[in-house]
Amino acid sequence: MDKYYVLGNPIAHSKSPLIHARFAELTGQTLSYERLLTPLDGFAATLTQLLQSGARGCNVTVPFKFEAFQAARTQGTQTDRAQLAEAANTLVLNHPASGGVHADNTDGVGLVNDIQHHAGVALAGRDVLLIGAGGAAAGALAALLAAGPRRLVLANRTPARAKALVARHQAHPSMHDLLQKTELLAHGLQGLPGDFDVVINASASSLGGAAVPVDRQVLKPGALAYDMMYGPAAAGFMRWARQNGATARDGLGMLVEQAAEAFALWRQLRPSPAQVLQVLHELRALQP
């Protein structure tokens, strides 16, 4: 049986095994998918063990996405999406073309698909604010640009990090045509230019239980306020959004959509994310 894993620390909360088990049922695939708690200093050793065991792939979550990309740089190949992010959340293992590890980043397409297909908010021609310049924002930026917003502002507590991420995308050949349609700006968290149709929190503020890092003035009336975390971690941001007249959404749909992209990369079959997302919403509604 082909074996797949999700690597992270912590990892017990991950819904990925449930999602991929359902995808396998929907597509008639036989596979095994398990959580794997990875020591904070043990990602490289864990990856080596998986390669030697014959595992076919893995998802990678916090805090190992940058290490996953570096592993592919030294042991295999990377997609443009992974190169732009300099982070990977999906690895194909024992990949015949790469000789070992093939890295991709499906976070961005998962985010955009959830916003446009499930939340029903078209991004083309809109003003979008992306908060954060770490791995989550890096994985999302290219896909957001591909959706064709009028203006995309990347805001970070340390403006230099936002500027570096923007510059990397501006310099990449695959972004040239997209940047003719979208104004891409880097900024600090204060004094942001104008208000926005869509505000996406990709910072670590939700994980740490910190206050929302931007002022409510960034929200246009009826804006979509989206936290890339899901469940209790996103509760504070979503509460802030509702209190300020925005439509709040967490990243559960993004989780399912990025998983569908990873499944398609591994199995060459794309399952229906909508069916699995409905199951997760029903399970969440049953929780006290």
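Read-outs throughout are calculated quantities, based only on the coordinates presented, and are distinct from any laboratory measurement. Since this is a predicted model, take the numbers as computed values, not measurements. So basically every Cβ, Gly included, is an ideal-geometry build from the backbone, and we count neighbours across all protein chains shown.
Brief remarks follow.
- Residues whose amide H comes within less than 5 Å of that of Leu37, counting only those at least five positions distant or on another chain, are absent (H built at 1.01 Å from N in the peptide plane).
- Cα gyration tensor, the stretch 142-183 - rounded (a/c under 1.5), prolate or oblate: oblate
- Ellipsoid semi-axes in whole angstrom, largest first, where each is sqrt(5λ) of the Cα gyration tensor of the stretch 232-288: 27, 14, 9
- For the chain, lysine pairs separated by 8 or more sequence positions, or belonging to different chains, with Cα-Cα distances below 23 Å total 6.
- Highest-first arrangement of 200-207, 120-127, where packing means the average Cβ count within 10 Å: 200-207, 120-127
- Cα centroid separation - the stretch 206-280 against the stretch 126-183, whole Å: 18 Å
- For the stretch 177-190, the Karplus equation 6.51 cos²θ - 1.76 cosθ + 1.60, evaluated at θ = phi - 60°, returns couplings of 5, 5, 6, 6, 9, 10, 7, 10, 10, 10, 7, x, 7, 9 Hz by residue, with Gly and Pro reported as x.
- Evaluating 6.51 cos²θ - 1.76 cosθ + 1.60 at θ = phi - 60° for every residue in the stretch 101-109, the Karplus couplings come out as 10, 10, 10, 9, 10, 9, 4, x, 5 Hz, glycine and proline recorded as x.
- Estimated translational diffusion coefficient (Stokes-Einstein, Kirkwood radius over Cα pairs, 37 °C, 0.692 mPa s) of the chain: 171 µm² per second.
- Prolate/oblate/rounded call for the stretch 57-179, Cα gyration tensor, a/c under 1.5 rounded: prolate
- Percent of alpha-carbon pairs separated by more than 26 Å within the stretch 108-250: 14 percent
- The stretch 7-49 and the stretch 71-88: distance between their alpha carbon centers, rounded to Å: 19 Å
- Sum of -39500 (n - 2.57) over DSSP H runs of 4+, divided by residues of the chain (222 nm, nearest 500): -11500 deg cm²/dmol
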